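My questions all concern the structure below.
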Amino acid sequence: RLLDIVAGELGLDRVAFRRMNLVPQSAHPWALPTVLEMHLGTETDSGDYSETLARCLEEFDWDAKAAGHSGKLIDGRWHGIAVGCYIEGGASGPREHARLDLLADGRIAVHVGSSSVGQGVETVFTQIAADALELPVGSIAAILHGQTDTLKEGFGSYSSRSTVLGGSAILDAATKLRAAWREAAAERIDCLPEQILQDGDRLTGPDGRVVTLADLGPLQLGFDGVFASSKRTYSYGCHAVHLSVDPGTGHVAIHDYMAVEDVGRAINPATLHGQTMGSVVQGLGGALLEEFVYDDQAQLLTGSLADYLLPTATDFPHIRATVLDNHPSPNNPLGAKGAGEGGIIPVGALVANAVADALHRFKVRPNHLPLSPPKVWAMIQQAS
């Protein structure tokens, strides 16, 4: 909200005002303010923030919507648009552990300290392990996440860290395991490890003899991996929204929502796209629907889902998302950045700015959420 308010008071275009305040690509790493109580200091890692802003404006068709809808009364509803940029800090340390074991049948068991909490890391970890081992994904027998009984320690899932730290630990363990089975195959074939050619689970020596991973299964090869980092990753992006407000009821309808995010490197684009869409919906639910309401006796009035109003597919059907991976992070070997929370970060302020744009002639300036129909209606009546 503050950027739109300041831009308006200075007589500046809100897009131009944001553009002039973006950290330029040449300025990374950019030191961020220190959290004094905890003495936490951090800095951005990489990116071109202006790129996601430009992409979002283009795909949203900002100029056309600004000319045809911003502050306009159309079919009895006031229309507004808004745009907002954000960064998402993720990959909190200090470290993560993993272990890869070659099973008797030649497949691989992956143990990792990062836990699955519904974000789809089983698929992502499978891809990382299979790619690092040069095996098909079917060769990964199991992803045993949160398995601290088989690991020295594990730090779990929070702060968008699972792929960056857990995935990098898997990569470390996979590098050791792959080197070990090449040495074991070379010993059986009587050649140098660097002479071994791998094709899936087949290890071939210079004389054409073949050793399979199943042949090496009885050796019980297994290696621990760890990735430690004191530097966070920063995905970033830009969102834009077009909405309308019914002045008679205060109802807010979303007509178009566009999200663009750069995540450094997208390990599984489909999973990431789903996370982004889900995060946007969660943000819209918080911006427009969800609220703990109490009466004057401190009794909760929204204690059921019938009253609390979680968002459904019919509430926000017009959401679009584009995921980029143009600027890998230099802070981990995967080049990935935490991205699970990016979809929700700008939503509340974005919706508030768009409502303010729609109702600017009423001088409505939202400063709290959710913007439920009764609250928006009351703001219109007070302003009138």
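Checking ALA266 against (1) touching a helix residue (DSSP H, G or I) at 6+ places or on another chain (Cβ under 9 Å); (2) open to solvent by less than 10 Å² (accessible area, probe 1.4 Å), which single condition isn't satisfied?
(2)
Separate question: Within the stretch 45-69, can you find the residues that are within 21 Å of VAL23 (Cβ to Cβ) and either in contact with a Leu (Cβ under 8 Å, 6 or more places away or on another chain) or in a loop (DSSP other than H, G, I, E, B) (or both)?
ASP45, SER46, GLY47, ASP48, TYR49, SER50, GLU51, THR52, LEU53, ARG55
Something else about it: Kindly provide the set of residues from the stretch 249-270 that are modelled with pLDDT under 95 and over 28 Å from PRO29 (Cβ atoms), ordered by number.
The one that is modelled with pLDDT under 95 and over 28 Å from PRO29 (Cβ atoms): ALA270.
If you don't mind, there's one more thing I want to ask. Among the numbered criteria (1) open to solvent by less than 30 Å² (accessible area, probe 1.4 Å); (2) at pLDDT below 95; (3) within 28 Å of THR276 (Cα to Cα), which single criterion is violated by ALA7?
All conditions are met except number (3).
Moving on. Would you be able to say whether some residue in the stretch 179-196 is in contact with a helix residue (DSSP H, G or I) (Cβ under 7 Å, 6 or more places away or on another chain), of a type outside the set (Val, Ile, Thr) and not in a helix (DSSP H, G or I)?
yes
How many of the residues making up the stretch 118-152 are closer than 14 Å to VAL226 by Cα and open to solvent by 60 Å² or more (accessible area, probe 1.4 Å)?
Final tally of qualifying residues: 2.
Continuing with this model, one more query. Determine whether ALA306 is among the small types (Gly, Ala, Ser) and within 24 Å of GLU43 (Cα to Cα).
When the stated conditions are applied, ALA306 does not pass them.
Could you tell me whether any residue of the stretch 188-210 is in contact (Cβ under 8 Å) with a residue 60 or more places away in the chain, surrounded by fewer than 19 Cβ atoms within 10 Å (Cβ to Cβ) and farther than 26 Å from HIS327 by Cβ?
yes
On the basis of being more than 27 Å from LEU2 (Cβ to Cβ), over 19 Å from the mean Cα position of the chain (by Cα) and open to solvent by 60 Å² or more (accessible area, probe 1.4 Å), does ASP63 make the cut?
Criteria not met by ASP63.
I've got another one for you. Do any residues in the stretch 55-82 that are more than 21 Å from ALA259 (Cα to Cα) have Cβ atoms under 7 Å from those of residues that are of a type outside the set (A, V, I, L, M, F, W, C) and open to solvent by 60 Å² or more (accessible area, probe 1.4 Å), where the two are at least six apart or on different chains, and which pairs are they?
Final answer for the pair search is GLY71/HIS360; GLY71/ARG361.
Specify which of the listed residues (ALA306, ALA339, ALA356) is closer than 30 Å to VAL164 by Cα and small (Gly, Ala, Ser).
The unique qualifying residue is ALA339.
I've got another one for you. Could you run through the stretch 310-369 and say how many residues are crowded, with 21+ Cβ neighbours inside 10 Å, more than 24 Å from SER116 (Cα to Cα) and among the charged types (D, E, K, R)?
Of the residues in the stretch 310-369, 1 are crowded, with 21+ Cβ neighbours inside 10 Å, more than 24 Å from SER116 (Cα to Cα) and among the charged types (D, E, K, R).
Per-residue answers, yes or no, for (1) under 30 Å from LEU40 (Cα atoms); (2) part of a strand (DSSP E or B):
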| site | (1), (2) |
| --- | --- |
| GLY237 | yes, yes |
| ALA240 | no, yes |
| MET258 | no, yes |
| ILE267 | yes, no |
| GLY274 | no, no |
| VAL280 | yes, no |
| GLU290 | no, no |
| SER329 | yes, no |
| GLY342 | yes, no |
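Continuing with this model, one more query. Please verify whether SER384 is small (Gly, Ala, Ser) and farther than 30 Å from GLY167 by Cβ, treating the condition exactly as stated.
Criteria met by SER384.
So which residues in the stretch 88-105 are surrounded by fewer than 18 Cβ atoms within 10 Å (Cβ to Cβ) and in contact with a Ser or Thr (Cβ under 9 Å, 6 or more places away or on another chain)?
Correct list: GLY93, PRO94, ARG95.
Tell me which of these ALA259 doesn't satisfy, since it passes every other one: (1) in contact with a Cys (Cβ under 8 Å, 6 or more places away or on another chain); (2) over 20 Å from HIS318 (Cα atoms); (3) among the hydrophobic types (A, V, I, L, M, F, W, C).
(2)
Do any strands (runs of 3 or more DSSP E) entirely within the stretch 77-137 hold 2 or more residues that are more than 27 Å from ILE254 (Cβ to Cβ) and more than 16 Å from the chain's Cα centre (by Cα), and if so, which?
95-102, 108-112
Being without any contact (Cβ under 8 Å) to a residue 12 or more places away in the chain, in contact with an Asp or Glu (Cβ under 8 Å, 6 or more places away or on another chain) and over 23 Å from PRO247 (Cα atoms) is the requirement here; does THR302 meet it?
Yes.
Determine which member of the set GLY264, GLY200 is in contact with a His (Cβ under 7 Å, 6 or more places away or on another chain), of a type outside the set (Asp, Glu) and more than 27 Å from GLY80 (Cα to Cα).
GLY264
Of all residues in the stretch 274-309 being of a type in the set (D, E, K, R) and loosely packed, with under 14 Cβ neighbours inside 10 Å, which is modelled with the lowest pLDDT?
It comes out as ASP307.
The values are calculated or read from the model by the stated rules, or taken from the named source; none is laboratory data. Bear in mind that the values here come from a model prediction, so they are computed numbers and not experimental data. Positions of Cβ are backbone-derived with ideal geometry, glycine not excepted, and every protein chain shown enters the neighbour counts. Protein only, heavy atoms only, side chains kept; ligands, DNA and RNA dropped before computing areas. Shrake-Rupley method; radii C 1.70, N 1.55, O 1.52, S 1.80 Å.
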